Amino acid sequence: VHLIDCLDDNFDNALEELFSSAQVGLKLHGKKIGRKGELYTIAFSTWDQVFIFDVTKLQDKCFKYGLKAILQDPNIQKVCHDVRCMSDILKYQYNVDLTNVFDTILADFAFNNFSIREEGTRPMYLRSYQSLCVEYLGIGTDDLFYHPTRTNHLEEDAALFWRGPITNQMVKAIAREVMYLLPLHDVCQKALIYHFRMANLIFLDQVRGCSNSEEAETLAKKIEAEPHRVAETVMDIFPSPQECARCQTETGDTRKRTPKQDYLGNYLPIRIARL
């Protein structure tokens, strides 16, 4: 983990490493991140390093001399968890148009939407970075950082983290919020195409897998007459709440969940990570 707070060789070495990467994790920290907020640090991760730029000391110069080019480079994918306010502050305070972004919060939401076939059980909320690290990667909670904030005192509690200069404990906390983004991206990629892959296998074998020619001909005629109809075998790849509960047993996950949480397929990412 590298903390960079001046334009020296460490700054140049960090830029060289980031420019040579096809993919980096990205996380911004500060006070009320957004166009009217304050940016304190910007952290990048590669597969084996974390670079934390202290924007309070580097000021706009860190963007002028390299970070803007990285953030706007269409050939470098930036993996984030909820990019909305990050892109806003970069655009309106630093004139940076963030490009080529993979947002893990959306990947998880899309996967959960496809993981449920019961009406009325679509996920209503986006899940946290920490939740995805635990359920997709199996990261222990002791290896993650949780901001101790109260619902009615979010700004006040968040400010406590930034009292005084950046300490080693703060560096460790910031690093933990960016270091798992690239492994998380890989599992999210598998999750996004999981249902497509399963459906593709079903379509591939739907007719040719018939036991005799007469059965195959009957099915082919039915497909020709109603090509728009979704086959029941395809719908079967979307798990029911009972199947989610069964997956919980298979993976040894003994955490207590409500029936509604079982609907959300919370245990499927663990299975997908093993593919």
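The values are calculated or read from the model by the stated rules, or taken from the named source; none is laboratory data. Just so it is clear, the structure is predicted and the values come from calculations on it, not from any experiment. In this analysis, Cβ positions are derived from the backbone assuming ideal geometry, glycine residues included, and neighbour counts consider all displayed protein chains. With ligands, DNA and RNA removed, areas are computed over all heavy atoms of the protein, side chains included. Shrake-Rupley method; radii C 1.70, N 1.55, O 1.52, S 1.80 Å.
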Between Leu7 and residues 5 or more places away or on another chain, which pairs have amide H atoms under 5 Å apart, with H built 1.01 Å from N, and which residues are they? none
Quick calc: nm separation of the 7 Å Cα→Cβ label points for Glu215 and Phe19 -> 6.3
Under 5 Å from the placed amide H of Gln77, counting only residues 5+ away or on other chains, we find Gln23, Val24
Whole-Hz ³J(HN,Hα) from phi, Karplus 6.51 cos²θ - 1.76 cosθ + 1.60, for the stretch 172-183, glycine and proline x: 4, 5, 4, 4, 5, 8, 10, 6, 9, 5, 5, x
Gain upon complete extension [Asp12, Thr141; 0.36 nm per residue less C-alpha separation]: 43.0 nm
Have a look at the DSSP beta bridges in the stretch 1-117 and tell me what percent are antiparallel, nearest 5. 55
Per residue of the stretch 9-18, in order, report the coupling 6.51 cos²θ - 1.76 cosθ + 1.60 (Karplus, θ = phi - 60°) as ³J(HN,Hα) in whole Hz, putting x for Gly and Pro. 4, 4, 5, 5, 5, 5, 4, 4, 5, 5
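Pairs to check: Lys57/Lys190; Lys27/Lys64; Lys190/Lys221; Lys27/Lys190. Give those whose C-alpha atoms are more than 30 Å from each other in this structure.
Lys57/Lys190; Lys190/Lys221
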Using a 1.4 angstrom probe with every protein chain in place, what is the largest-first accessible-area order of His185, His228? His228, His185
Cα→Cβ-extended label distance, 7 Å offset, between Ile193 and Ala69, nm: 3.2
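How high is the FRET efficiency from Lys31 to Asn113, r the C-beta distance, R0 45 Å, rounded to 0.05?
Efficiency, rounded to the nearest 0.05: 0.85.
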